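Asks: So that we are looking at the same thing, I have put the structure below in C-alpha cells.
Just so it is clear, none of the values below were taken in a lab; they were calculated from the coordinates. Values in this document were obtained by computation on a predicted structure and should not be read as measured data. Don't worry about glycine lacking a Cβ; one is built from the backbone with ideal geometry, like all the others, and counts go over all protein chains shown.
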Amino acid sequence: MSTDTSFVTRSHEENWLPVLELAVEEVFEIMLGTRVKPVASSEHMPSGEFTAMIGLAGALCGILTVSCDAKTAGQVAKSMLGDTAKSAEEVGDALGEICNMIAGNFKNKLAGTDDRCMLSVPTVISGGEYSLHSLADGNCVETILLFEGAPVAVRLQLQS
Amino acid sequence: MTTDAAFAKPSPEDNWLPILELATQEVFEIMLSCKVKPGEPTEHKLKGGFTAIVGLAGALCGVVTVCCAARTADQIAKGMLGDTGDCEGQVEDALGEICNMIAGNFKNKLAGTDERCMLSVPTVISGGEYSLHSLAEGNSVETVLLFEGAPITVRLQLKC
C-alpha cells in the first residue's frame, strides 16, 4: 500500500472520494487477492445485513463503515481466513479487519493526518432489521464496489 | 463533573468499574437531573432497541456503548430536549450525546488520559433485532443502571 503523504492534501474534501476508492482497492487487492472497481450507487445498494464500523479521532473525526449482505460478508471471511471461516464471529472479525485496514490506509494517504488521526476499534453489526444514525454533521463520502458480483458500500462520515 | 486528574490511575483495570459508574451517574444527574441507581445485570436483557456507540482512540483504544429499550431512549430524549424530543432523529441524537458525554467524562477521570485519548463521533443503532460484535479483545467493563425504572447498559470494551 502506498503511504506517500504528498498524495493529496486534506484541505480539499472533494478530493477524498478517489483517495477512499484507492484505499479500498488496495486493501481488497492485498487482503483478498481481488481487484475491485467502483460502481454506480444508483444501480447497486447492499442489503446491509453486516456493517463494520470504526471511529476516527483527532485531525479527522468521524466514522468509516463497510456494509454488505451476509453472503458477501461470508465470502470476505473465507477469502481471508480459508474455507473453515463460517461462524458469525469469524465473519465479523474478517469484515471488521477489512474496515480497519481501509480506514488506516485512507487516513495515511492524507498529508499530515497519519500521526494526528487515530483509529478506535472496529465493531460489526449484524441482523435483519437495524438502522444506523451518525451524529457526524459534516461531509459524507461513499463508494460502492462489487466483490464476487455483490455490492459492498464503504462510507466515510465526518464531523464538521 | 469532577476532572481531578489525580482521581485514579489507568491501571489496574478492575478500578475502572467504579469510575465508569460515577461517570455515568454524573452525566445523568447533570443532563437529565436524575439520580440513577445500579440495576442487576442478570435481570435485564435487552433485545433490539437503541445502542449508542462511540470510539476511543489513543492512550485508551476501544468503544463505549449505551444500550436501552426504545421507550427508554424516548424518555432520555424528552428529558434532554423537552416534550418534542421524541421526533425522528432527535432520540438518536440525544442518546448519542449521552454516550459521548459518558465516554468523555470517563476518560477525563483517568490520570494522564484526558489529552492522550480522543473520541470519535457517536453512532446510534436502532432496530428490532441486531447483534454487535466488537473486535476489542481486551477487558470489558459493564454497568447496568435504572432510569425511570428501566435498565440502561453502559459498557466499555478495550483493546488489549
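Asks: Project the alpha carbons of region B:92-134 onto their principal axes and report the range along each, largest first, in whole Å.
Replies: Computed over region B:92-134, the largest-to-smallest principal extents equal 40, 23, 14 Å.
Asks: Check every DSSP H run in chain A and write down those whose alpha carbon atoms cover 15 angstrom or more along the long axis and whose mean Kyte-Doolittle hydropathy is 0.5 or greater. Please list the in-between numbers first.
Replies: Values: long enough: A:16-32 (23 Å, 1.31); A:70-81 (16 Å, 0.18); A:88-109 (32 Å, -0.18).
Sorted by number, the helices that extend far enough and score high enough are A:16-32.
Asks: For the protein assembly as shown, what size does the Cα cloud have along each of its three principal axes, sorted from largest down, in whole Å?
Replies: 55, 40, 39
Asks: In region A:8-158, how many lysine pairs have Cα atoms under 21 Å apart, counting only pairs 8 or more places apart or on different chains?
Replies: Details: A:Lys37/A:Lys71; A:Lys37/A:Lys78; A:Lys37/A:Lys107; A:Lys37/A:Lys109; A:Lys71/A:Lys86; A:Lys78/A:Lys86.
Pairs that pass both the separation and distance tests number 6.
Asks: I'd like to know which of A:Ala52, A:Ile30, A:Ile98 lies farthest towards the positive end of the charge dipole of region A:8-158, counting +1 on Cβ of Lys and Arg and -1 on Cβ of Asp and Glu.
Replies: A:Ile30
Asks: Still on this structure: With only Lys, Arg, Asp and Glu charged, each at its Cβ (+1 for the first two, -1 for the last two), find how big the charge dipole of the protein assembly as shown is about the Cα centre; round to the nearest 20 debye. Don't skip to the answer; put the middle values down first.
Replies: Numbers: 22 positive and 42 negative charges, 79 e Å.
Dipole of the protein assembly as shown, to the nearest 20 debye: 380 debye.
Asks: Go through region A:120-126 residue by residue and turn each phi into a ³J(HN,Hα) via Karplus (6.51, -1.76, 1.60, θ = phi - 60°); whole Hz please, and just put x for glycine and proline.
Replies: Couplings: 8, 9, x, 10, 10, 9, 9 Hz.
Asks: Highest first, please rank the peptides A:133-143, A:91-101 by the mean number of other Cβ atoms sitting within 10 Å of their residues.
Replies: A:91-101, A:133-143
Asks: For an R0 of 25 angstrom, estimate the FRET efficiency from the Cβ-Cβ distance between B:Glu137 and A:Ala70 and round to the nearest 0.05. Don't skip to the end; give the middle numbers.
Replies: Details: r = 23 Å, r/R0 = 0.93.
E between B:Glu137 and A:Ala70, to the nearest 0.05, is 0.60.
Asks: With each pseudo-label sitting 7 Å past Cα toward Cβ, what's the A:Thr34-B:Ile30 distance in nm, one decimal?
Replies: 4.7
Asks: Continuing with this model, one more query. With θ set to phi - 60°, apply the Karplus curve 6.51 cos²θ - 1.76 cosθ + 1.60 along region B:125-132 and write out the HN-Hα couplings as whole Hz, x wherever there is a Gly or Pro.
Replies: Values, residue by residue: 9, 9, x, x, 8, 7, 10, 10 Hz.
Asks: What is the order of B:His133, A:His44, fewest Cβ neighbours within 10 Å to most? Walk me through the numbers before you get to the answer.
Replies: Numbers: B:His133 19, A:His44 16.
Ordered by Cβ neighbours within 10 Å, fewest first: A:His44, B:His133.
Asks: A follow-up question, please. For region A:39-101, rounded, prolate or oblate, judged on the Cα gyration tensor with a ≥ b ≥ c (square roots of eigenvalues), a/c < 1.5 rounded, else prolate if a/b > b/c?
Replies: Details: a/c = 2.49, a/b = 1.28, b/c = 1.95.
In terms of gyration-tensor shape, oblate.
Asks: Can you give me the relative contact order of chain A as a percent, contacts being Cα pairs under 8 Å and 6 or more apart?
Replies: Working: 305 pairs, mean separation 54.0, N = 160.
Relative contact order here is 34 percent.
Asks: Where the centroid of each part is defined by its Cα atoms, how far is region B:111-158 from region A:81-160 in Å?
Replies: One Cα centre to the other: 19 Å.
Asks: Continuing with the same structure: How much length would be gained if the chain were fully extended between A:Glu148 and A:Arg116, taking 0.36 nm per residue of separation minus their Cα-Cα distance, in nm to one decimal?
Replies: Details: separation 32, 0.36 × 32 = 11.52 nm, distance 3.53 nm.
Once the chain is fully extended between A:Glu148 and A:Arg116, it gains 8.0 nm.
Asks: Return one quarter of the surface area of the convex hull spanned by the alpha-carbon atoms of region B:70-160, equal to its mean projected area, in nm².
Replies: Working: hull surface 27.9 nm².
Hull-based average projected area comes out at 7.0 nm².
Asks: Still on this structure, please answer the following. Listed highest first by mean packing, meaning other Cβ atoms within 10 Å per residue, what order do B:93-105, B:19-31 come in? Don't jump to the answer; show the numbers that get you there.
Replies: Details: B:93-105: 23.8, B:19-31: 19.1.
Averaged packing, sorted descending, gives the order B:93-105, B:19-31.
Asks: Two decimals is fine: what is log10 I(q)/I(0) at q = 0.14, 0.18, 0.19, 0.21 Å⁻¹ for region A:8-158, from a Debye sum with one equal scatterer on every Cα and no solvent?
Replies: These q points yield log10 I(q)/I(0) values of -0.62, -1.05, -1.17, -1.42.
Asks: Here is a further query. Determine ³J(HN,Hα), in whole Hz, for all residues of region B:15-30 in sequence, where each value follows from phi through the Karplus function 6.51 cos²θ - 1.76 cosθ + 1.60 and θ = phi - 60°; x replaces Gly and Pro.
Replies: Ordered by residue, 3J(HN,Hα) equals 7, 7, 4, x, 5, 5, 4, 5, 4, 5, 4, 5, 5, 5, 5, 6 Hz.
Asks: For A:53-62, what's the mean count of beta carbons from other chains sitting within 10 Å of each residue's beta carbon?
Replies: Details: counts 7, 5, 14, 5, 11, 5, 1, 1, 6, 3.
So the per-residue partner count for this stretch is 6.
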